[in-house]
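Notes follow the structure.
The values are calculated or read from the model by the stated rules, or taken from the named source; none is laboratory data. Treat the numbers as computed from the prediction; the structure is a model and nothing was measured. In this analysis, Cβ positions are derived from the backbone assuming ideal geometry, glycine residues included, and neighbour counts consider all displayed protein chains. What goes into the accessible areas is simple: the full protein's heavy atoms, side chains included, and nothing from ligands, DNA or RNA. Shrake-Rupley method; radii C 1.70, N 1.55, O 1.52, S 1.80 Å.
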Amino acid sequence: MWIYAIQRTLYAIPIAVGVSIICFGLVYLAPGDPIQSLLPPDATVEDVAMIRRLYGLDQPLPIQYLEWLMRALTGDLGTSLQTNRPVSYEVFNALGNTLSIAIGAVLLAFILAFALGTLAAYNRGKLIDKFATGISAVGISIPNYWLAIVLVIVFAVTFRVLPATGMGSGGSETFNWFDWNQVKYAVLPMLTLAMIPLGVVTRSTRSAVADTLGQDFVQMLRAKGLSNVAILTHAVRNALPQILAVMGLQLGYLIGGSILIETIFTWPGTGFLMSKAILTRDIPLLQGTILVLALSFVLINLVVDLLQTLVDPRIKRA
Amino acid sequence: MRLTQSTLGQMKALVLAGAAALITTMSANAQSTVTVAMTAGDIPDWSGQPDQGFEGYRFVGYSLYDGLLAWDLSSTDEEVDVVPGLATSYEVDPDNPKRWIFDLRQGVTFHDGCEWNADVAVWNIERLINEAHPAFNPAQFARARSRTSNIAGAEKIDEATFAITTSDEESLFPYNLPYVFMVSQCAVEEAGNDWAAYSDNPSGTGPYVFESVVPHERLVLAKNENYWNEDRIPKHDKLVLMPMPEATTRASALLSGQVNFIEAPSPDMIPALEGAGMNVVTNVYPHTWPYLFNTMEGAFTDKRIRQAANYAVDREAMLAMLGGVATESYGAYIPEQENYGDVFVYEHDVEKARSLLEEAGCMPCEIKVAISTSGSGQMQPLPMNELVKAQLEEAGFEVNFEVIDWNTMITMFQQGAVAYPDYDAINFSSAVMEPFSFVRGFMSRYQSPNGGNWGGYSNPEVDDLLEQALTTYNIDEQNELIREAHEMITEDAARLFIVSDLNPRALAPNLSGFVQAQSWFQDMTPIIVE
């Protein structure tokens with residue numbers, strides 16, 4: 001298994017290089033220019049040229065890319081053009097902030113969806129099944145930025161039980177998971193983020209468990225006279241690897257941060273950071289963020305694969 | 001899952017209105033704190049020259065720092081003028097029109113206790129123009145550039161006097177100085193000339209002192225008890241600045257009591273905010289929303305077609321759509337400004353527009369216009385441009401929009417129409433706060449990419465008047481010349497004049513004392529929190 005883990009980690013290298021080349025190219029292909037966010041709009045040609053030189057943006061693209069790559073290999077992701085702070089500082093702060101709600105959202109979604117999906121599969125065609133299918137359709141199809149605005153209006157503006165925006169009363173630096181006065185800032189973003197995974201995981205749990213329940217070995221268990229609960233336990237255990245894979249993907253999507261949700265809640269996470277980097281063409285920041293996110297996605301998939309092996313020894317990784 | 005902007009807006013307004021009806025009281029803000037929700041996507045840089053456009057100057061620049069000159073923001077009904085700041089007076093050297101001599105205010109100290117004097121003044125100018133200066137910083141250099149590009153150097157005359165030399169003679173030079181902030185030399189040197197380190201402990205002379213920051217989230221400033229201008233010592237303890245780019249979020253944050261001062265609520269939310277007891281304030285200010293014509297190539301090289309467009313636009317219909325947060329515009333200045341003059345007013349007249357187009361032989365008159373999806377000062381670009389398009393097409397134009405993002409739009413503006421010959425116009429908001437911005441917008445020598453004259457507008461008579469203004473040192477005579485030039489460009493239909501903004505803001509009912517000046521900049525210090 002360890003050899004497999006190391007192999008998978010090594011596979012991450014070409015993925016990271018590929019991702020970084022593509023996004024480097026895309027930023028340059030897109031119209032707009034990082035210089036424009038630094039200079040006043042009526043700047044002269046000479047000033048533009050001077051700033052380009054001062055920031056090293058006058059070099060040919062491949063050189064700029066290689067320089068960036070060389071530094072990135074040593075762990076130095078460069079400095080944000082806009083804030084002048086190290087990119088690694090910016091990205092890891094934002095990643096921490098996004099993870100805090102993403103993990104919460106996925107756990108919440110997973111627990112609910114797992115229970116709901118299993119019950120639905122076991123009671124196919126009955127009321128509970130229709131309810132679960134309904135929840136899953138709602139979760140997948142409601143635009144979550146709309147839901148976010150509605151939740152804010154209901155809970156923050158009308159009933160005033162939860163705050164509308166921000167990460168804690170003093171900002172992310174004083175955010176604390178063990179203090180309700182801070183945690184309450186995370187409730188609405190977390191609920192909103194949980195909706196899509198809730199829908200997706202409910203649906204896949206239902207179908208995975210239902211599939212398993214239809215298999216021969218379940219007939220066999222029934223024939224042996226096992227109780228319904230025991231049969232369900234067996235079925236769920238067999239369906240679990242598939243559900244875990246879906247959940248891992250969902251967590252991967254969420255750590256990318258949702259630009260819309262984080263903007264609505266002014267949550268200082270990766271989505272918010274990335275949208276700012278895109279709008280100002282802050283190339284080092286954008287590159288650094290995408291690289292870290294791509295690697296996190298690879299890492300999460302690896303962890304999920306290993307978890308699957310633990311849960312189901314039939315899946316051999318060698 | 002895509003909703004049109006107006007449906008979404010209506011939806012938001014509807015839900016907010018319902019919510020607002022349920023609110024009866026605002027929670028009292030215990031501390032004497034003004035908490036501002038800005039439209040910016042990030043906290044403006046607080047280490048000297050701010051970024052994030054004029055919003056950065058408004059909330060961060062003028063709070064922490066002062067320039068040699070300042071704006072008088074104390075009135076709602078008078079045009080904002082330049083007044084003494086860290087310099088008490090200035091004059092142009094009688095023997096050399098390129099040398100400006102400043103008497104510096106005495107007894108002013110920076111927040112860190114260091115003294116303000118001629119050495120610090122010279123150091124501040126040098127750091128912004130000289131790449132070899134130990135405290136040179138590319139970002140600060142870049143942001144100050146359109147104000148400092150004519151500065152050749154600075155020299156100390158004595159402790160209380162210093163001089164700035166310009167490269168070209170320019171009578172309007174002093175208008176640049178409120179935009180150039182003076183920072184504490186000791187603080188920067190203590191930080192080893194490292195601006196990132198300096199930003200942990202910034203020090204200016206302004207009415208607020210830096211207290212703390214959570215990057216991207218909030219900047220906390222505290223009242224400067226020892227501010228040199230006693231009339232402007234803040235009447236509250238703290239000023240907290242929070243970036244909140246989404247208009248719905250700003251409104252919710254105000255309604256839920258998380259902030260008590262918001263910038264630019266969207267027009268469809270104003271009734272709901274007012275219904276909940278918020279004070280919505282507006283005022284005229286030099287912010288127009290025009291189309292800048294490409295006058296070097298294409299349809300708008302013809303004055304008749306420019307005039308036709310100006311006749312075709314129904315400004316009243318636009319005001320109705322904007323719910324009263326704008327006024328009609330017929331010039332680059334606004335009527336409240338001294339240099340507005342007796343402009344030519346293009347009343348809405350579709351027939352006249354049609355006959356002008358026919359006369360010019362351009363029917364249907366196909367034009368290509370770049371518009372942005374959002375951006376500083378762009379108001380509500382998408383619905384507003386849709387309306388302009390409908391109005392122009394009624395008169396015989398055929399309008400093709402190229403919709404681009406704000407950064408691309410700035411690139412386009414900076415490079416000028418000369419780099420985009422197939423575009424006939426761009427929708428780019430304009431701020432003529434002082435004569436210099438006007439000159440840069442309309443003189444042919446400032447044709448982009450060498451200034452703010454995007455479309456390469458060139459009118460020898462206007463050039464002549466403005467050339468004279470640039471060498472006239474009597475302010476009244478200077479204004480006379482500029483006023484005449486302004487009247488000329490309106491008659492010449494140099495732009496498609498549409499509306500000017502009234503900049504709505506909403507304040508919680510427990511805030512009083514705010515005076516909305518006719519400016520992009522505002523004085524936060526008189527606000528009282530009850």
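Quick notes on this structure:
- Lone unmet requirement of (1) under 19 Å from residue B:286 (Cα atoms); (2) away from chain A (no Cβ under 14 Å); (3) open to solvent by less than 50 Å² (accessible area, probe 1.4 Å); (4) not in a helix (DSSP H, G or I) for residue B:346: (1)
- Taking the range B:423-447 as the range and being open to solvent by 10 Å² or more (accessible area, probe 1.4 Å) and in a loop (DSSP other than H, G, I, E, B) as the test, the residues that pass are B:423, B:424, B:428, B:429, B:431, B:433.
- Residues that are among the β-branched types (Val, Ile, Thr) and either assigned to a helix (DSSP H, G or I) or within 21 Å of the chain's Cα centre (by Cα) (or both), drawn from the range A:281-318: A:283, A:289, A:290, A:292, A:298, A:300, A:303, A:304, A:309, A:311
- Among the residues of the range B:256-267, those identified as open to solvent by less than 40 Å² (accessible area, probe 1.4 Å) and polar (S, T, N, Q) are B:256, B:260, B:266.
- Hits in the range B:212-255 (condition: in contact with a Pro (Cβ under 7 Å, 6 or more places away or on another chain) and open to solvent by 50 Å² or more (accessible area, probe 1.4 Å)): B:223, B:232, B:235
- Residues that are free of Cβ contacts under 8 Å to residues at least 40 places away in the same chain and among the hydrophobic types (A, V, I, L, M, F, W, C) were ranked within the range A:117-145; the one that is farthest from residue A:193 (Cα to Cα) is A:127.
- Residue A:121, sole failed condition from (1) surrounded by fewer than 20 Cβ atoms within 10 Å (Cβ to Cβ); (2) under 15 Å from residue A:202 (Cα atoms): (1)
- Scanning the range A:6-53 for residues that are open to solvent by 50 Å² or more (accessible area, probe 1.4 Å), facing another protein chain (nearest Cβ under 8 Å) and among the aliphatic types (A, V, I, L, M) gives a single hit, A:45.
- Positions within the range A:71-107 being part of a loop (DSSP other than H, G, I, E, B) and farther than 18 Å from residue A:283 by Cα, in sequence order: A:74
- Candidates B:410, B:426 - the one that is out of contact with any Gly (no Cβ under 6 Å at 6 or more places or on another chain) and within 8 Å of chain A (Cβ to nearest Cβ): B:410
- Residue tally, condition free of Cβ contacts under 8 Å to residues at least 40 places away in the same chain, part of a strand (DSSP E or B) and of a type in the set (A, V, I, L, M), over the range B:352-399: 1
- The residue that is farthest from residue B:250 (Cα to Cα), counting only those in the range B:37-56 that are outside any loop (DSSP other than H, G, I, E, B) and of a type outside the set (A, V, I, L, M, F, W, C), is B:53.
- Residue match in the range A:145-162 (condition: at the interface with another protein chain (Cβ under 10 Å from one of its Cβ atoms), open to solvent by 30 Å² or more (accessible area, probe 1.4 Å) and closer than 18 Å to residue A:253 by Cα): yes
- The number of residues in the range B:137-155 being more than 9 Å from chain A (Cβ to nearest Cβ) and outside any helix (DSSP H, G or I) comes to 6.
- Number of residues in the range B:235-260 that are assigned to a strand (DSSP E or B), of a type in the set (A, V, I, L, M) and at the interface with another protein chain (Cβ under 8 Å from one of its Cβ atoms): the value is 1.
- Evaluation of residue A:310 against (1) in contact (Cβ under 8 Å) with a residue 12 or more places away in the chain; (2) in the same structural domain as residue A:15 (by TED's automatic domain parsing) (one fails), failing number: (1)
- Counting only residues that are surrounded by 16 or more Cβ atoms within 10 Å (Cβ to Cβ) and farther than 16 Å from residue B:163 by Cβ, the range B:65-104 holds 11 of them.
- The set of residues from the range A:205-229 being over 35 Å from the mean Cα position of the chain (by Cα) and open to solvent by less than 50 Å² (accessible area, probe 1.4 Å) comprises A:218, A:221.
- Checked against (1) part of a loop (DSSP other than H, G, I, E, B); (2) crowded, with 24+ Cβ neighbours inside 10 Å; (3) among the polar types (S, T, N, Q), residue B:500 passes all but a single condition, namely (1).
- Only one of the numbered conditions (1) within 14 Å of chain B (Cβ to nearest Cβ); (2) open to solvent by 30 Å² or more (accessible area, probe 1.4 Å); (3) in a helix (DSSP H, G or I); (4) in contact with a Pro (Cβ under 8 Å, 6 or more places away or on another chain) is not met by residue A:110, and that is (1).
- Test: residue in the range B:473-482 that is in a loop (DSSP other than H, G, I, E, B), at pLDDT 95 or above and either assigned by TED's automatic domain parsing to the domain that holds residue B:317 or open to solvent by 10 Å² or more (accessible area, probe 1.4 Å) (or both): no
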